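Here's the structure we're looking at; comments come further down.
We did not get these values from a lab; they are worked out from the coordinates using the rules stated. Quick caveat, the model's predicted, so the values are computed rather than measured. Please note: Cβ atoms are built from the backbone with ideal geometry, for glycine as well, and neighbour counts cover all protein chains shown.
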Amino acid sequence: MKAVWIKRLYEEKNVAVTFQYRLTPSADATLTLAASNLYRLFVNGELIGYGPARAAHGYSRTDVYPLGAYSGRETVLSVEVYSANTNTFYIVDEPPFFAAEIREGGEVVASAEDFTAYPMTERVQKVRRFSFQRAYTEVYRLTGDPMAFYAGDPGEHRSEETEPVPMNKLLPRYAHMPKLNTVPASPVEHGTVSVDESRNPFRDRSYDNIDPVKFKGFTPDELEADPNVTAAKFVYRRTAEGGAETLPPLSYQVYDFGRTCTGFFSFTVQAEKGTELTLVFDEIATERGDHLEVSPFRNSCCNVIQYSFSESGTYRIVSFEANAARYAAAVVRGGCAKIASFGMVLYENPDAAGFRYDYGDDALNRITEAAVNTFAQNAVDVLTDCPSRERAGWLCDSYFSSRAEALFTGNNLVEKSFLENYALCPPSRFLPEGMIPMCYPADHNDGVYIPNWSMWYILELRNYVRCTGDETMAKISRDKVYGLVKFFERFYNEDGLLENLESWVFIEWSKCNDGDYIRGVNYPSNMLWAAALEAVDDLYADPALRKKAGQMKETIRRLAFNGEFFEDNGVRDENGALVRTGHTTETCQYYAFYFGTASKEDYPALFETLVTRFGPKRDPKTEYPTVYPSNAIVGNYLRLELLLRWGFRERVLDECRDFFLGMAELTDTLWEHAQLSSSLNHGFASMAAVYIHECMKDKT
């Protein structure tokens, strides 16, 4: 295939171009697409495709669409391609391109240069970033119905010439295409809005820290529009429950999808000339006395989309970026709007819904349903952490969600893409030699990496090869694995343990990640690395590394165990001797048992304490107050794994009910933390269904 782009937009940030082509397809006609960064495909004004599945720098995955359903009649293909030209955790920072081939009877009848290119000038370019991890918010100034344009009516759009541009190496898509079915939302309340100019807009590092190298974007003084400023000043007052037929100036309508879902907002709006419509959305809504508050900034991102309509008329809207929401509020600041058919086009893994279960227990069924929803929204093309703030393919998270994929779908197609991306990932000038990105595809221009996540990567790769028999993945990943083995050699101390690891040393979101707990010789990190070395032996038959792992475990047992618990770290005293700190966390104990440093036979008292005295129900103020409790990722999950390994199935089920049911009831998804903070839809949490299934599979 050949690639093209509009010359003047090649280096521009946050631009979109629609490539349009008319044909009368034959029954065997197909369209093959490749693009960077994102695209969506309309056929005769109907959204039928979104992609591509993400790939490593220098690579793109192709998608193939059959066109036989349109044979014998004139058909308009519209491919809207979005280019960020910005470093993010979601899409890579690379030049844009559009490549396409239409084939009939096996012959190419049209390619990318035959398409007409229209710059999407209605999308405002210079806007703030959506979050630290993602690119830009969506702001539109519409002069006509978007769907009419995608159906072939250019309206006020003006075409521009394209020129050949370089393109990536092409790879196949493994993950199945999402169905893009639409689900409706129900109006739950409406009322009036006032504007409080004294309220400060939401500001964070994605607004204040714009840098031409480390963190690209538009500086505050460059912005053409900032939807955050508008949304932050809204003050709501409910006047009635249910739906309003028409939204006059300074009014709002709240919609509820019934669960958190992920995709593209879809609705029809009949607007007066000059109408300004703002959508704010989130995974939860909070009752604030006189209204239901939908906070667009709760999750440290800008969940705001703005539309302005220059002429009176009917506009059919489908937002471009995939977002997660249970609630959305449509706010009319000026003009008047009548909104109909408010819903969401789902952008979710299509295979997870085929998982069948009935455990004869309402709570377990509800949690499993939430786990399936969580997985589906975090496994469209790679295994992601959350479909909202980041949409990033994080290691460690993927270690857990990949096992949910095997349960729900019977294969590991998404994980295959995820691991292949890592195998093909080129060296980054911002990361030390041998280290891999903590999430990928992404650009970490600030040089931050998580050494521990690279250890989880080796464990996941070993598990994947064991589960699938895909030895090719082991082969193409070998250089990455041994690059890590070499990278960590410089951190070994005289005891053969890793000391003073650099960058973002991460154990989990709890006390064990405090600076005083991870400095020096961090024992959970060493327990994890010893297990990773054993996994390297499993993958590549390297018994010397297994021997090294055994020596590390023996040393950890000697240095870290204080007679009751494993302590989290050792530091140097004034004489340079390594001494324990007294820092003790619940998660450190789980690391010790999970990664094979400890066993219940060798540490029976600690084993008994973990089983009977620890866990999410423990009150750390009164019971073992000096042993700090675990959080969701990864301590509480390792606990469930260990209880399952040790045969405590009923305890696993009880703790799953206690820990996950409230989440499932509120959002029908599972969360990053146990509290209403951060993401309420986190991929690794889909692992809850695996625990439940393992406990119940002999009973169903």
For segment 411-520, would you read off the P(r) tail past 19 Å as a percentage of all alpha carbon pairs?
49 percent
Given the C-alpha centroids of segment 593-649 and segment 372-443, what is the distance between them in whole angstrom?
28 Å
When 1/r is averaged over all different Cα pairs and the result inverted, which Kirkwood radius in Å belongs to segment 23-137?
15.4 Å
At 0.692 mPa s and 37 °C, Stokes diffusion of segment 289-366 via Kirkwood alpha-carbon radius, µm² per second
195 µm²/s
Relative contact order computed over segment 413-456 (Cα-Cα under 8 Å; 6+ residues apart), in percent
32 percent
Give the Rg/Rh ratio for segment 168-256, taking Rg as the radius of gyration of the Cα atoms and Rh as the Kirkwood radius, to two decimals.
1.15
Taking the convex hull of Cα positions in the chain, its mean projected area over all directions (nm²)
32.2 nm²
Loop sites in segment 371-422: chymotrypsin sites (Phe, Trp or Tyr not before Pro), DSSP, at most 12 other Cβ within 10 Å:
none
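Using Cα-Cα distances under 8 Å and only pairs 6 or more residues apart, what relative contact order does segment 234-328 have, in percent?
Numbers: 156 pairs, mean separation 40.3, N = 95.
Here the relative contact order equals 42 percent.
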D (Stokes-Einstein, µm²/s), Kirkwood Cα radius, segment 591-700, 0.890 mPa s at 25 °C
165 µm²/s
In deg cm²/dmol, rounded to the nearest 500, the helical mean residue ellipticity at 222 nm of the chain, built from -39500 (n - 2.57) for every DSSP H run of length 4 or more, is -8500 deg cm²/dmol
Diffusion constant of segment 503-558 at 25 °C, which comes from Stokes-Einstein with the Kirkwood Cα-pair radius and 0.890 mPa s, µm²/s
201 µm²/s
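Restricting attention to segment 592-690, which trypsin sites (Lys or Arg not before Pro) occupy a DSSP loop and are surrounded by at most 13 other Cβ atoms within 10 Å?
Of the trypsin sites (Lys or Arg not before Pro), the ones in loops of segment 592-690 whose Cβ has at most 13 other Cβ atoms within 10 Å are 613, 617, 621.
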In whole Å, how far is the Cα centre of segment 289-325 from that of segment 512-529?
42 Å
Using Cα-only point scatterers and the Debye equation, what is log10 of I(q)/I(0) for segment 206-270 at each q in 0.16, 0.24, 0.29 Å⁻¹, rounded to two decimals?
-0.88, -1.16, -1.31
Take the Cα gyration tensor of segment 308-414, multiply each eigenvalue by 5, square-root it, and list the three semi-axes largest first, rounded to whole angstrom.
35, 17, 12
What is the Cα coordinate range of segment 55-106 on the first, second and third principal axes, sorted by size from largest, in whole angstrom?
44, 20, 15
Running Debye on segment 358-432 with equal point scatterers at the Cα sites and no solvent, what base-10 log of I(q)/I(0) appears at q = 0.14, 0.17 Å⁻¹?
-0.51, -0.69
For the chain, what relative contact order do you get, as a whole percent, if you take Cα pairs closer than 8 Å and at least 6 residues apart?
12 percent
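Within the set of other residues whose C-beta is less than 10 Å from the C-beta of residue 29, count the net charge using Lys and Arg as +1 and Asp and Glu as -1.
So the surrounding residues net to -1.
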DSSP loop trypsin sites (Lys or Arg not before Pro) in segment 349-457 with at most 16 other Cβ atoms within 10 Å of their Cβ, which ones?
356, 429
Return the percentage of antiparallel bridges among DSSP beta bridges fully within the chain, rounded to the nearest 5 %.
90 percent
Residue-count net charge about residue 468 - beta-carbon cut-off 15 Å; Lys, Arg +1, Asp, Glu -1
-2
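When all alpha-carbon pairs of segment 469-551 are counted, what percent fall beyond 15 Å?
61 percent
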If each Cα of segment 122-221 is one equal point scatterer, what is log10 of I(q)/I(0) from the Debye formula at q = 0.16 Å⁻¹?
-1.33
Just report the Cα centroid separation between segment 147-190 and segment 233-279, whole Å.
24 Å
Angstrom value of the Kirkwood radius, inverse mean 1/r, which spans all Cα pairs in segment 223-327:
14.8 Å
